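As structure tokens, the structure follows; a few thoughts come after it.
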Amino acid sequence: MWVEELQGGPSVRGLQHRSQFPRPNDIRLWVWQSVAHGATAIFYWNWRPETTGIEASGFGLVNYDGSMTDRARAAGELSSLLNRHAALLD
């Protein structure tokens with residue numbers, strides 16, 4: 001099973017809705033829950049925040065300029081850990 005479009009930043013819908021920014025621990029929890037339920041791949045929506053359209057400014061793991069966030073660091077640390085232990089998890 002693949003997890004597609006895992007949320008990396010706040011969800012946005014125009015000017016009507018903006019959720020809170022996920023915390024690094026939210027990212028960690030979502031990844032571990034995905035792995036525990038059999039995920040073999042996890043994709044984030046989006047790496048950078050949306051730049052235009054109804055979802056503008058939402059969903060990114062990093063900032064607009066590509067600079068790191070604590071959420072991106074948490075995702076990267078987990079990626080390294082999971083890759084290091086891939087054979088065991090397989």
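The values are calculated or read from the model by the stated rules, or taken from the named source; none is laboratory data. Please read all numbers here as calculations on a predicted model, not as lab measurements. Cβ sites come from the backbone with ideal geometry, for glycine too, and all protein chains shown count toward neighbours. In case anyone asks, the SASA skips ligands and DNA or RNA and just uses the protein heavy atoms, side chains included. Shrake-Rupley method; radii C 1.70, N 1.55, O 1.52, S 1.80 Å.
Quick check for me: using +1 on Lys/Arg Cβ and -1 on Asp/Glu Cβ, what's the dipole size of the chain about its Cα centre, in debye to the nearest 20?
For the chain, the charge dipole is close to 200 debye.
How far apart, in nm, are two points set 7 Å out from the Cα along the Cα-to-Cβ line at SER80 and at GLU55?
2.9
On the protein heavy atoms, probe 1.4 angstrom, tell me the percent of accessible surface of the chain carried by carbon and sulfur.
54
Taking the simple approach of a point 7 Å from Cα along Cα-to-Cβ for both HIS17 and GLN33, what is their distance in nm?
1.7
From the helices alone, meaning DSSP H stretches of at least four residues, give me the mean residue ellipticity at 222 nm for the chain, per-run term -39500 (n - 2.57), in deg cm²/dmol to the nearest 500.
Roughly -10500 deg cm²/dmol at 222 nm, from the helical runs in the chain.
Rounded, prolate or oblate, given the Cα gyration tensor of the chain, with a/c below 1.5 counting as rounded?
Prolate shape, in that a/c is at least 1.5 and a/b is the bigger ratio.
Take the Cα of TYR64, step 7 Å along the line toward its Cβ, and report every residue of region 8-33 whose backbone nitrogen sits under 16 Å from that point.
10, 12, 14-15
What length, rounded to one decimal in nm, is gained on full extension from ASN25 through to ASP90, with 0.36 nm per residue of separation minus their alpha-carbon distance?
My answer for the length gained is 21.0 nm.
In Å², and per residue, what accessible area does the chain have when probed at 1.4 Å with the other protein chains present?
For the chain, the per-residue accessible area is 68 Å².
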